[in-house]
Amino acid sequence: MKIDAFKLERWFAKYEHKAEIMLAESGIRSLNAKQFDLNPGKLGYIIPTNGDPHLRKQIGQRYNRGAEEVLFTCGTQEANFLVFLSLLSKRNHAVVVTPTYQALHTVPEAIGNVTRVWLQPPSWKLNIEEVSDAIREDTTLIVLNNPNNPTGKYHSAEKVDALYDLAEDNDAYLLCDEVYRLIADDPLDPVASMGPHGISTTSLTKAYGLAGTRFGWIAGPRDVINGAWRWKDYTTISPSILGQHIAKQVLGEMEGEILKENRDLAKKNRKIVHQFINNHDLAWNSPTGVI
């Protein structure tokens, strides 16, 4: 399998370590490790390797799913990668809503056949009819990133419902990368909670400010989760034990305060950018969502 270079990551590798002021990131500022208990005990593999059953049950409840319908991963990147490996091949096809995070179209393109449906600027409108027209008999997956990176567009519940209906009607899955979802004041319901054709991926990276934990998950139908777990045996085997230890704390009593602080910070900084643009007579497409 050949894959194109990840242009953004190569750009970061060249310039990020030299930057005195970083304006290229899309996430929240990183939290300090001092806020957490950092002693998970023995530093072995997590057993079972799909993640702690109690934490998977806790997370599964957010999607109206059971523990067996959740798989812990090393971030959202691995979560998406495993879904693509489990559902795509040269014999089938994916529809990817674009522009989006490069991995969400480059990885499927390396595995199978992809049609990209473009959002319409300046409001980055999603045309459901174009997605419908792009679906083929061999389509197994529709891919959405919501809220969208890089545009900041937060597609409405009506749009997401329409995509889910398309997936269901065509015996396909709707995969939604929801890593930015909880930055919103009033987040939409996750796609994995919508029914048997919905898959959600996310992590502690963007909304929580905990990229260094490398902890994420997939929530979805058991056959998809089992297929992803089969591939995970060949990638990272198990999630990070330290990441899981921190996740147990973050997704408990600490969660409300962390998310509130991060949402408030995002609002404050968004206003600063707006003022800067206006004060210097610059033009831009203002984000229409949460980022």
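The values are calculated or read from the model by the stated rules, or taken from the named source; none is laboratory data. Given the structure is predicted, the values throughout are model-derived calculations rather than measurements. Cβ placement follows ideal geometry from the backbone for every residue including glycine, while neighbour counts extend to all protein chains displayed.
Here are some notes:
- Elements of type strands (runs of 3 or more DSSP E) in the range 173-291, at least 1 residues being out of contact with any Ser or Thr (no Cβ under 7 Å at 6 or more places or on another chain), touching a residue at least 24 places away in the same chain (Cβ under 8 Å) and more than 30 Å from D37 (Cβ to Cβ): 173-177, 198-203
- Positions within the range 53-76 being surrounded by 21 or more Cβ atoms within 10 Å (Cβ to Cβ) and polar (S, T, N, Q), in sequence order: T73, T76
- Number of the condition not met by V114 [criteria: (1) crowded, with 20+ Cβ neighbours inside 10 Å; (2) part of a loop (DSSP other than H, G, I, E, B)]: (2)
- Of all the criteria given as (1) more than 21 Å from the chain's Cα centre (by Cα); (2) at pLDDT 90 or above; (3) closer than 27 Å to G216 by Cβ, the one not satisfied by N279 is (3).
- Of all residues in the range 151-169, at least one satisfies being touching a residue at least 60 places away in the same chain (Cβ under 8 Å), charged (D, E, K, R), part of a loop (DSSP other than H, G, I, E, B) and surrounded by 20 or more Cβ atoms within 10 Å (Cβ to Cβ).
- Annotation: of all residues in the range 14-52 being among the polar types (S, T, N, Q) and surrounded by 11 or more Cβ atoms within 10 Å (Cβ to Cβ), the one that is nearest to the chain's Cα centre (by Cα) is S26.
- Tally of residues being crowded, with 21+ Cβ neighbours inside 10 Å and in contact with a Pro (Cβ under 9 Å, 6 or more places away or on another chain) across the range 180-204: 9
- Boolean, M1 is without any contact (Cβ under 8 Å) to a residue 40 or more places away in the chain and assigned to a loop (DSSP other than H, G, I, E, B): no
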